[in-house]
Amino acid sequence: MSRNIIQTESAPAAIGTYSQAVKVNPGSMTFISGQIPLVPETMTMVSDNFVEQTHQVFRNLAAVANASGGSLSDCVKLTIYLTDLSEFANLNTIMAEYFSEPYPARAAVEVSALPKGAQVEIDAIVVSF
């Protein structure tokens, strides 16, 4: 088995001891690290608005998926961390803009805090053939 580190300037740089993503061969599975709503060019939070933050997170996930040779449509599993579970309906509405049926498997959990004060963080597993 080989591991390829995925790195793209189209998504925020890692802010800790992790890679943006790791692609495992054979099998072409890519494990995308949690993305928060940082704008890649400035490494600053897109805004304080949950909806705008969630859109930025999906844009960041898409950039890393693309850099791995896949796309959001290749996502098989998402884990979503929210600091306020009352935003769950907004999350579902936004997610429907980026995914169509059949949807990936998903877990959504409320957490007490996220890096840099983000309101949402999402990690993903992508399988591309």
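The values are calculated or read from the model by the stated rules, or taken from the named source; none is laboratory data. Just so it is clear, the model here is predicted, and its values are computed rather than measured. Reconstructed Cβ throughout: ideal geometry from the backbone, glycine too, with neighbour counts over all protein chains shown.
Can we say SER73 is in contact (Cβ under 8 Å) with a residue 12 or more places away in the chain, outside any helix (DSSP H, G or I) and exposed (fewer than 15 other Cβ atoms within 10 Å of the Cβ)? It is false that SER73 is in contact (Cβ under 8 Å) with a residue 12 or more places away in the chain, outside any helix (DSSP H, G or I) and exposed (fewer than 15 other Cβ atoms within 10 Å of the Cβ).
Evaluate the following for VAL51: is it modelled with pLDDT of 95 or more, under 22 Å from SER128 (Cα atoms) and not charged (D, E, K, R)? Judged against the criteria, VAL51 is not a match.
One line per residue, one yes/no per condition, for (1) exposed (fewer than 12 other Cβ atoms within 10 Å of the Cβ); (2) polar (S, T, N, Q); (3) within 28 Å of ASN4 (Cβ to Cβ):
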| residue | (1), (2), (3) |
| --- | --- |
| THR42 | yes, yes, yes |
| ASN90 | no, yes, no |
| GLU101 | yes, no, no |
| PHE129 | yes, no, yes |
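Tally up the residues in segment 22-43 that are of a type in the set (Ser, Thr, Tyr), modelled with pLDDT of 95 or more and more than 16 Å from the chain's Cα centre (by Cα), please. Total meeting the criteria: 1. Do you know which residues across segment 103-122 are surrounded by fewer than 19 Cβ atoms within 10 Å (Cβ to Cβ), in contact (Cβ under 8 Å) with a residue 60 or more places away in the chain, at negative phi and not in a loop (DSSP other than H, G, I, E, B)? PRO115 - this is the single residue of segment 103-122 that is surrounded by fewer than 19 Cβ atoms within 10 Å (Cβ to Cβ), in contact (Cβ under 8 Å) with a residue 60 or more places away in the chain, at negative phi and not in a loop (DSSP other than H, G, I, E, B).
The residue that is surrounded by the most Cβ atoms within 10 Å (Cβ to Cβ), among those in segment 76-88 that are more than 21 Å from VAL127 (Cα to Cα) and either under 10 Å from the mean Cα position of the chain (by Cα) or not small (Gly, Ala, Ser) (or both), is LEU82.
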